[in-house]
């Protein structure tokens, strides 16, 4: 019934809009007819009527020379290499960067993907999705940097869990609301703000509301009783209000999962308004609300996989079991809002964003869903488990101002600004009998009562920067910069029956120098030296001995260089990097004030990251193109000389693309080299070794008169089931595996 209704709605929209209309404009504008691909589009009229001003102070560097491939766009079938390349660099970049454009998001990636399921196509990026793309991203890494060690931004605003800077990947910004994604594999310049800049930045960008009314409706069905439906509605320019443009986006996804009993459901609403004020100012309002609930599966042993299959995730249908799916749930509600003002005042240009975002995470889970610990160990009668609630909200402001001075070889853009953010994190956890969801005292805690942790953490960040974009020669840009960081955090609450009240402050001074030289119209070279920074996580304050010695923030020194080539037939780039990671924070368990097993944190050693990366897409002709990217990576401890956990030895992507007339498609294979899990390489423990693996994805697509698009997507075509992630335990290690072969059929109607 739902599929019939959706298709009927699509047919109505198709018949009601027989006349062709332009597609939505994109943050990455499409080149005008006759303009060489790979060149920045010429500035067009209409920026005063809703188009964002290109101030050069926000957004991804270099995104301007890539193109969008919305199948409804007038030039959608130009088939230039920059247009169809799934991954590519920018001629204006100043550090290794991969742009993942709308062609990849709309025509290659699974429609229900989250941003990590899109980012995994890039070199040096690894992501595991055991329950299917968009339903279960795990352990996304960039060059071996873990989630929490790199930034994620939305329209230039950093966001994440203030406790340890990780990200609730499935709760924010699914593929349906994304315009393009840019992965900067480095800390950027001084104006790159965030609490975890040293591992790079994944920049996510919203669509720009269209100048003309219209939109799209889509519906998809797939393996595991998966269902997705949604749509985008653009108002076009509303002349009665001075040129207002607005866009509404809705996405609903649900599935039984590719792992048994691992159900997933998500609703996401987003709304964006751009309001011109005069000829030189644009005010942007944005809001996104998401509601996600799923069953929390977990890694399994090889014995369990052999007994129940690799689709098992320690979930069952027995209400007397700690593994009962109904007891293992996670419910997350998220929102993200900002008001942005961009204004060109002639002498200076100003960009300011005031924002807030929040996440509420309500969880319930069996104490040991692997069932190695019987119920009776903790409760004489009942099912032992935990109930938790974690909530955070952040408020912030990013202000940037720039102006141009000098002429000739002294031509310089001076840029300055500040980022301020305040965040509060509330965490509550208690022991419960899952059958009644009431507090209990476990038999393993005699005389202590029910375990209740009720905590409040507060963080404050201030980052101020100054940089100079100097252009001494045509095509040459040199950008030195300086940034000062102040970060403080407090923690107040109970942790394992112990009352704590701790606080700490950290500061850092960071510098950067970058250069980009446009040797010729299709060729540029770049080099960068930059310092990265990460503040310590809240866990350093959750101990009786939060600091026996003052902790220094973790830092990196980054040395990177590369070359980019862009033409109609070929988009290619190559880079090398060397990163010295210092002040790594570790901990050991000690007895403090008579209390055993208290973590004591300290700075120890670091890691040397180094490697080579490349990507290329070549247009063969007749609609065909070949694409390849890859990396050789090394991430070794300076103390032991051994490879750290979850750092790949290499990555690769290769395949064939087709786009001609009404037909399009792709066949891509992703390869991930050997890794070490747990605590990293250990010659005494073979269970930390993870094998290399690959998977192949197929897309077959058809368009009808720029009104209708049909896609069949097959992930893991050859049904490879290799282990992708593990805990590295010396006895009975546990693993996640590649998801089984799965299919998605999607229909999209444009109007």
Discussion item. Scan region 601-609 and tell me whether some residue there is surrounded by 15 or more Cβ atoms within 10 Å (Cβ to Cβ), touching a residue at least 12 places away in the same chain (Cβ under 8 Å), in contact with a helix residue (DSSP H, G or I) (Cβ under 6 Å, 6 or more places away or on another chain) and part of a strand (DSSP E or B).
Written reply: yes
Practice prompt. May I ask you to list the residues in region 252-267 that are surrounded by fewer than 23 Cβ atoms within 10 Å (Cβ to Cβ) and under 17 Å from residue 332 (Cα atoms)?
Written response: 252, 254, 263, 265, 267
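Okay, residues lined up against (1) in a strand (DSSP E or B); (2) modelled with pLDDT of 95 or more; (3) over 29 Å from the mean Cα position of the chain (by Cα):
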site	(1), (2), (3)
311	no, yes, no
318	no, yes, yes
331	yes, yes, no
335	yes, yes, no
341	yes, yes, no
356	yes, yes, no
Item to complete: Give 488, 455, 501 a once-over and let me know the one that is part of a strand (DSSP E or B), more than 26 Å from residue 158 (Cβ to Cβ) and touching a strand residue (DSSP E or B) at 6+ places or on another chain (Cβ under 9 Å).
Response: 501
Practice prompt. For region 512-535, indicate whether the set of residues that are within 17 Å of residue 187 (Cα to Cα), touching a residue at least 40 places away in the same chain (Cβ under 8 Å), outside any strand (DSSP E or B) and in contact with a strand residue (DSSP E or B) (Cβ under 8 Å, 6 or more places away or on another chain) is non-empty.
Written response: yes
Worksheet item: Which residue out of 434, 443 is in contact with a helix residue (DSSP H, G or I) (Cβ under 9 Å, 6 or more places away or on another chain), closer than 30 Å to residue 328 by Cα and surrounded by fewer than 16 Cβ atoms within 10 Å (Cβ to Cβ)?
Response: 443
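Within region 113-138, how many residues turn out to be under 23 Å from residue 224 (Cα atoms) and in contact (Cβ under 8 Å) with a residue 40 or more places away in the chain? Working first, answer last.
Step one: of region 113-138, the residues under 23 Å from residue 224 (Cα atoms) are 113-118, 120, 127-138.
So of that shortlist, the ones also in contact (Cβ under 8 Å) with a residue 40 or more places away in the chain come out as 113-118, 120, 128-136, 138.
Here the count works out to 17.
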Worksheet item: Which condition number in (1) closer than 19 Å to residue 247 by Cβ; (2) at pLDDT 95 or above; (3) in contact with a helix residue (DSSP H, G or I) (Cβ under 9 Å, 6 or more places away or on another chain) is the one that residue 203 fails?
Response: (1)
Worksheet item: Considering 168, 164, which residue is within 28 Å of residue 300 (Cα to Cα), more than 14 Å from the chain's Cα centre (by Cα), touching a residue at least 12 places away in the same chain (Cβ under 8 Å) and surrounded by fewer than 24 Cβ atoms within 10 Å (Cβ to Cβ)?
Response: 164
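The values are calculated or read from the model by the stated rules, or taken from the named source; none is laboratory data. None of these values were measured; they are calculated from a predicted model. Cβ: placed from backbone, ideal geometry, glycine included. Neighbour counts: every protein chain shown.
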